[in-house]
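The values are calculated or read from the model by the stated rules, or taken from the named source; none is laboratory data. Note that the structure is a prediction, hence the values are computed from the model and not measured. With ideal geometry, Cβ positions are generated from the backbone for all residues, glycine too; neighbour counts draw on all protein chains shown. What goes into the accessible areas is simple: the full protein's heavy atoms, side chains included, and nothing from ligands, DNA or RNA. Shrake-Rupley method; radii C 1.70, N 1.55, O 1.52, S 1.80 Å.
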Amino acid sequence: MQVTLGWLKRYVEIEESAQEIADLLTRQGLEVSECASVRPRLEGVITARVASLEAHPSSEGLWICRLDTGGEDRSVLCGAQNLAEGDCVPLAVPGTSLPGGKLIEAVTIHGVFSEGMLCSERELELSEDHAGIMKLPADTPPGLELEKALRLEDDVLDIEVTPNRPDCLSVIGVAREIAAKKRRELRFPKISLEERLPSSGEVSSIEILAPEACPRYVARVIEDVRVGPSPFWLRRLLGLVGLRPINNIVDVTNFVMLEWGQPLHAFDLDRLAESRIVVRKARDGERITTLDGEDRKLSGEDLLICDARRPVALAGVMGGLESEIHDGTTRVLLESAYFEPRGIRRTSKRLGISTEASYRFEREIDIEGCLRAADRAAGMITSLGEGRLLAGALDVYSMPYRPGKIRMMLSRINRLLGTSLEKEEVLGHLRGLEMRVEDDAGEVFEVTPPSFRPDLRMEMDIIEEVARLYGYDEIPPDMPKAPVSVVRPDSERRAEDLARDVLVGLGFCEVVNYSFTGPDLFEPLGFSTGDIRAKPVALQNPLSEAQGFLRTTLAGSLLETTAMNLRRRNRDLRLFELGRVFLHRGDEALPEERKMLAAVMVGGRYAEGWNQPDDSVDFFDLKGALETLLDAFRIESFEWKRPEQNSYLHPGCSGGILINTTKIGCAGRLHPSVQEAFGMEEEVYFFEIGLEALASHVDHPLRYRPFARRPPVERDLALVLDETVPYSRVIDRMREHADPRVTAIELFDLYEGPPVPEGKQSMAFRITYQDPSRNLTDEEINKIQEAFLSRLLPGLGASLR
Amino acid sequence: MREQLLALKEEVSKALGSVTTEQEVDQLRTRYLGRKGSLTQILRRMKDVPEEERPVLGNLANQIKQEVAGLLDGRRAQIRDEERQRKVREERIDISLPGRRPLRGAYHPLTLVTREIIAVFQGMGFEVVEGPEIDLDFYNFEALNFPRDHPARDMQDTFYVAEDVVLRTHTSNVQIHTMKARTPPFRVLAPGTVYRCDSDTTHSPMFHQVEGFLVDRDVSFAQLKGVLAVFCQALFSPDVPLRFRPSFFPFTEPSAEVDIGCFLCRGAGCRVCSQTGWLEILGAGMIHPEVFKSVGYHRDAYTGFAFGVGIERIAMLKYGIDDIRLFFENDQRFLRQF
Ligand SMILES: [Zn+2]
């Protein structure tokens, strides 16, 4: 909602600057998002009166104007044809540079000395009008600066009106806020009507067939109007607040809409069949061509204004093309009605039309103000010298407004706000907002909100008004009284934090991807049709097809993020994401939301550097990172299982991770074809696990385990095995058969090739022996190791190297 | 013999003067103190010494032996020390060469800000609770006093999954879930991801919020101000100017928007604060009676307040980020800055 400071001053005294008013309104809940001062640069343009007008003796179409400029007379040569003696006009004196940059000089043209230039509105950049010389009001004294004479300086405030405040979609509503805060008088515009017979009831009638949707409909009839441009001040004012001037009738309806917040519509009465109005619901499939030339197909929910035969307007939203005011209109029917907000909103939403009118109706207008607004507009139209107002208004008011009373208690107000306001102060604020207060000396009082405040229905609404006028900033801050109990974050939260800490420590960067996904991201992953992840939850109104679904895995977006970084030459990536995936849950309305943790590794194992090896990451870097993560959660009993059923991972270089036989996720090298589908040339390593599994371990109690302080003894042991025997089998058996005094077994070398026979591999282990109570001798260790080997070797088909 | 012993000491002392390596010291040690060394040779003649002189000479011999050993040890230590010093002088590396850095990971800036916010409110006894991102209209709108066909719904452009199922437009749905499941008093903080169909440099279709709410008996607007003041001071600076102004949210009344004094221009007005000197950072208010009604609380039994903070907004202000899309683009050059 745009208002100008000058417009506000019509209704309330304002001595403050525009910035101060903007600040006042903002602190009162009417946020001023922009405050722009309008200062036309018209120095050197003065008012002048045409004293005489004389055709140029030789050049046809040129006029020699003698001008009274309030002291000295000047002569000006002029080519415009709209001048008459006595007209008041703007004169740019020599030396003036016009807003467009044109410099005015005294010149002799066709033998006539011309001391300046008479200007059109466009030349002064006051409007688009260039049809002739601008005409000033007839009573304008000559010799004034034009800026002062027309009071062109103003400030435009752009106010963001919240949906609960339809009353502030009007200049008077905004002025009321200033008046209430400053305790100043709010001056309403005077309405004076000169009514003539016949009465409007004799020429027109109103019939309402849908009173719930239209509880009030007021109409006034004006005859003998002359449609033409509005006076300059009106066009200028509308232009400043962003409305395009159209003609004197429509401009007045717009002016009154902005002044009072009541949308008005003007019909050409001669184009209404039988000159009457019928308000009814549309029939399904019925059509109307609206003002904007669009053919609209209607539903039974929409409300129509009709004449005796056909629809003439889409009620509260937009007028019809055929009944609108045109240049030849002479009889006008002014509509000022109240339409039920929800109905207007449904129509406006469904048809995708939002107008100044529908915006106000769907927020609810003042039903008590309909007649006043119609009178105000009728008065303005006639006082602008156009037309004859027929006596009496047509006013069908089937469901009159009944004000509600709200019971208030001073102590409750103060308790809720944490203030200690006096009753008089509270009542003062409420009365300033035109609430009626019935006060019976006690701490209880009753408030009747005005009809233009549909948002005030209950006690809390009134308390907010008190707080607003008192000023939020005046309320002293306090702290909650209840004792604070310390709450520990829940296990899921702590698991997230720990996982992040570990991965960041391992050199991973955290990413946040959209939850949205699209075919480009999930189709390359190749989930089989039976996989729940193959059917993502779809959005009904996505921003684009690429964001049409919700992800079922973090893989798609994380891989795309990886590919994007590689395309931008960000090499050596370690990225992770912690986010939710969404999985259909049978027929249930809401999908399952599962928190997942995923990571990728690509490129160098170490940061690039003159003293760093340039190895690339491989499967075991990924596995190591994941194992360190599990270790941080003290998860010891996990295992890796092959084959892994994830279509997007390399079948030979991937596996599933199980904790206590429950699968928590998968890890491995990205399948080469998926890698290519995402446009990556590098080998990519990826894991994704469910966070829930980690969360259930985050509370693992920590218990100190004593460690042997005797010096450890290390023995190396190389086993020659079939190359098909996996490490896991070897280490499992070693752990199974190891003596209790073996405290660590570590694989330190893996080798195939001569001298190890073909088809065999060598695994070299470092075994640590330690006794908690004493030093072990070589002989003892030899004995332990021999016993160990004799149990170990046969089962593995292994020999010592 | 006494003379010989004293001469031996003198001789060793002289010889050590021209010795430069530890090895040479060891050779001297062998020559004078070794089994076949000079001292042994001298002592062998002890049997020729009169009996009564033997103890005195024996003592002297021992003394000399120790003194000589001391001389040798001292010289040896001296040489070793010189040698070490020489080595230390020679061992030089170019310390200006780059260090061997492990890869450094980084938290996403949104995580950093969320953690910071949670830490402040945890100190005030708020407990972190999460809720569903896809929720029923009831929890996201209806119970929060957003009636159907009401313009208040225009404030939040909503993604729909089904007629009655939405991507939550705020984490305020956690209010309803929590209130329905628990009995006050409680202090809850609900961080999470939210969605609105809107996309430009300051709007993202997905973003993050922290919603906080406190329900108890006799909670006041003044207390809301106190709690939010502590929050703003902790997050920005202890003397940050604050402005509370009335606003409208369907689920709070009185509603407020909270501005902090622009820390970039110190209130003078700049591009970031749109020349106002103020930066809007959160919305808040007293929980609306209709919300309590919709979760089945008895009228007048409780009061409470709620507030909502946009994480991206705070992160953009704190880190000077001018385009919200950077958070979700995840360029490593962006991520590594945090
Ligand atoms: Zn600023």
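Amide H contacts of A:Arg585 (H built 1.01 Å from N, in plane; Pro and chain starts excluded): A:Glu592 sit under 5 Å, all sequence-distant by 5 or more or on other chains. Taking 0.36 nm per residue of separation and subtracting the Cα-Cα distance, full extension of the segment from A:Met479 to A:Ser299 would add 59.4 nm. Of A:Lys595/B:Lys293; A:Lys182/A:Lys423; A:Lys760/A:Lys783; A:Lys535/A:Lys623; A:Lys349/B:Lys180, which pairs sit farther than 24 Å apart, going by alpha carbon to alpha carbon? Exceeds cut-off: A:Lys595/B:Lys293; A:Lys760/A:Lys783; A:Lys535/A:Lys623; A:Lys349/B:Lys180. Going by a ≥ b ≥ c, the root eigenvalues of the Cα gyration tensor, does segment B:109-335 fall in the rounded group (a/c under 1.5), the prolate group (a/b larger than b/c) or the oblate group? Because a/c hits 1.5 or more and a/b fails to exceed b/c, segment B:109-335 counts as oblate.
What segment B:1-128 shows is 66 Å² of accessible area per residue, with the surface traced by a 1.4 Å probe over protein heavy atoms. Placing unit charges on each Cβ (+1 for Lys and Arg, -1 for Asp and Glu) gives the protein assembly as shown a dipole about its Cα centre, and among A:Val756, A:Thr4, A:Gly385 the Cα reaching farthest toward its positive end belongs to A:Val756. To put it simply, the accessible area of segment B:49-160 at a 1.4 Å probe is 50 percent carbon and sulfur.
Please give the helix A:370-383 orientation as an angle from the longest Cα principal axis of chain A, in degrees from 0 to 90, rounded to the nearest 10. So the helix axis and the longest Cα principal axis differ by about 50 degrees.
Report the residues of segment A:730-744 in range of a label on A:Glu639: point 7 Å along Cα→C-beta, backbone N strictly under 19 Å from it. In segment A:730-744, the label zone of A:Glu639 (backbone N under 19 Å from the point 7 Å along Cα→Cβ) covers A:730-738.
A crude spin-label estimate for the pair B:Ser13 and B:Glu90, with each label 7 Å from Cα along the Cβ direction, gives 3.3 nm. Contact-buried residues of segment B:141-155, at a threshold of 10 Å² lost accessible area versus the chain by itself: B:Pro147, B:Arg148, B:Asp149, B:His150, B:Pro151, B:Asp154, B:Met155 (1.4 Å probe; DNA, RNA and ligands ignored). Please list, in order along segment B:279-296, the HN-Hα scalar couplings obtained from phi with the Karplus expression 6.51 cos²θ - 1.76 cosθ + 1.60 (θ = phi - 60°), rounded to whole Hz, x for Gly and Pro. Working through the residues one at a time gives 10, 6, 10, 7, x, 7, x, 7, 4, 5, x, 5, 5, 4, 4, 5, 9, x Hz. One Cα centroid belongs to segment B:171-197, the other to segment B:1-44; the line between them spans 92 Å. In this rough spin-label picture, where each label sits 7 Å from Cα along the Cβ direction, the A:Lys535-A:Ile745 distance is 4.7 nm. The contact residues of segment B:230-247, meaning those that lose at least 50 Å² of 1.4 Å-probe accessible area when all protein chains sit together rather than their chain alone, are B:Arg243, B:Arg245, B:Pro246. With θ taken as phi - 60° and the Karplus curve 6.51 cos²θ - 1.76 cosθ + 1.60 applied, the whole-hertz 3J(HN,Hα) list for segment B:242-257 is 10, 9, 9, 10, x, 8, 9, 9, x, 9, 9, 6, x, 9, 9, 10 Hz, x standing for glycine and proline.
Rounded, prolate or oblate: which fits segment A:659-786, taking a ≥ b ≥ c as square roots of the Cα gyration tensor eigenvalues, rounded meaning a/c under 1.5, else prolate when a/b beats b/c? Verdict is oblate for segment A:659-786.
Each Lys and Arg contributes +1 and each Asp and Glu -1, all at the Cβ; summed about the Cα centre of segment B:2-90, the dipole is approximately 300 debye.
The residue among A:Leu410, A:Leu430, A:Ala374 whose Cα reaches farthest toward the positive pole of the charge dipole of segment A:364-438, with charges on the beta-carbon of Lys, Arg, Asp and Glu, is A:Leu410. For segment A:227-360, carbon and sulfur atoms together expose 47% of the accessible surface, with a 1.4 angstrom probe and every protein chain in place. Distance between the modelled labels on B:Asp218 and A:Glu446, one decimal in nanometres: 3.1 nm (7 Å Cα→Cβ projection). Take A:565-574, A:246-255 and order them by the average number of nearby Cβ atoms within 10 Å per residue, most first; the result is A:246-255, A:565-574. The accessible-area loss of segment A:403-434 on complex formation, taken against its chain alone with a 1.4 Å probe, reaches 30 Å² or more at A:Arg412, A:Arg415, A:Leu416, A:Leu417.
Annotation: peptides B:122-128, B:89-95, ranked by per-residue average of other Cβ atoms within 10 Å with the highest first, follow the order B:122-128, B:89-95.
Before rounding to the nearest 500, sum -39500 (n - 2.57) across all DSSP H runs of length at least 4 in chain A and divide by the residue total; then give [θ] at 222 nm in deg cm²/dmol.
-7500 deg cm²/dmol
Amide hydrogen proximity for A:Glu207: with H placed 1.01 Å from N in the peptide plane, the residues at 5 or more positions away or on another chain lying under 5 Å are A:Ile277, A:Val278, A:Val279.
Counting only heavy atoms of the protein chains, get the accessible area per residue of segment A:112-220 (1.4 Å probe) and round it to a whole Å² value. Walk me through the intermediate numbers first.
Numbers: 5030 Å² over 109 residues.
For segment A:112-220, the solvent-accessible area averages 46 Å² per residue.
Residue by residue along B:189-197, Cβ atoms of other protein chains within 10 Å of the local Cβ number 2 on average.
Compared with the dominant principal axis of the Cα atoms in chain A, helix A:18-27 is inclined by about 50°. Sorted largest first by accessible area at a 1.4 angstrom probe radius, with every protein chain in place, the residues A:Thr382, A:Thr628 fall in the order A:Thr628, A:Thr382. The heavy atoms of A:Tyr606 offer some 90 square angstrom of accessible surface to a 1.4 angstrom probe.
Ordering A:Leu384, A:Leu427 by accessible surface, largest first, gives A:Leu384, A:Leu427; the 1.4 Å probe counts only protein heavy atoms, with every chain in place.
Of all the options B:Pro55, B:Pro185, B:Pro109, the one that moves most in a Gaussian network model of chain B with Cα springs shorter than 10 angstrom is B:Pro55.
Ligands, DNA and RNA aside, A:Ile659 has an accessible area near 10 Å² when probed at 1.4 Å. Simple rule: put +1 on each Lys or Arg Cβ and -1 on each Asp or Glu Cβ in the protein assembly as shown, find the dipole, and look at A:Leu238, A:Ile64, A:Thr517; the Cα lying farthest toward the positive end is A:Thr517.
Extension gain, A:Glu223 to A:Arg594: 0.36 nm times the residue separation minus the Cα-Cα distance gives 126.5 nm. Could you give the distance between the Cα centres of segment A:118-189 and segment B:304-325, to the whole Å? Their Cα centres are 38 Å away from one another. Pull up the cross-link candidates among the lysines for A:Lys148, meaning alpha carbon to alpha carbon under 26 Å and not fewer than 8 places away within one chain. Cα-Cα hits under 26 Å: A:Lys9, A:Lys102, A:Lys135, A:Lys190. Chains A and B together bury roughly 7800 Å² of accessible area, counting both sides, with a 1.4 Å probe on protein heavy atoms only.
Computed from backbone phi, the HN-Hα couplings of segment A:314-326 come to 8, 3, x, 10, 7, x, x, 5, 7, 9, 6, 5, 10 Hz, rounded to whole numbers (Karplus: 6.51 cos²θ - 1.76 cosθ + 1.60, θ = phi - 60°; Gly and Pro given as x). Protein-only accessible surface at a 1.4 angstrom probe places the residues B:Lys47, B:Lys87 in the order B:Lys47, B:Lys87, largest first.
Summarising the amide proton neighbourhood of B:Cys197: residues at separation of 5 or more, or on other chains, whose placed amide H is nearer than 5 Å comprise B:Asp157, B:Thr158, B:Phe159.
What full-extension length gain, to one decimal in nm, is calculated for A:Glu424 and A:Ser354 as 0.36 nm per residue of separation minus the Cα-Cα distance?
20.9 nm
Shielding by partners for peptide A:548-559, expressed as the average number of C-beta atoms from other protein chains within 10 Å of each residue's C-beta, is 1. Working ranking of peptides B:96-103, A:743-750, A:231-238 by packing, defined as the average number of other Cβ atoms within 10 Å per residue, highest first, is A:231-238, A:743-750, B:96-103.
Mean partner shielding of peptide A:579-590, defined as the number of other chain Cβ atoms within 10 Å of each residue Cβ, is 2.
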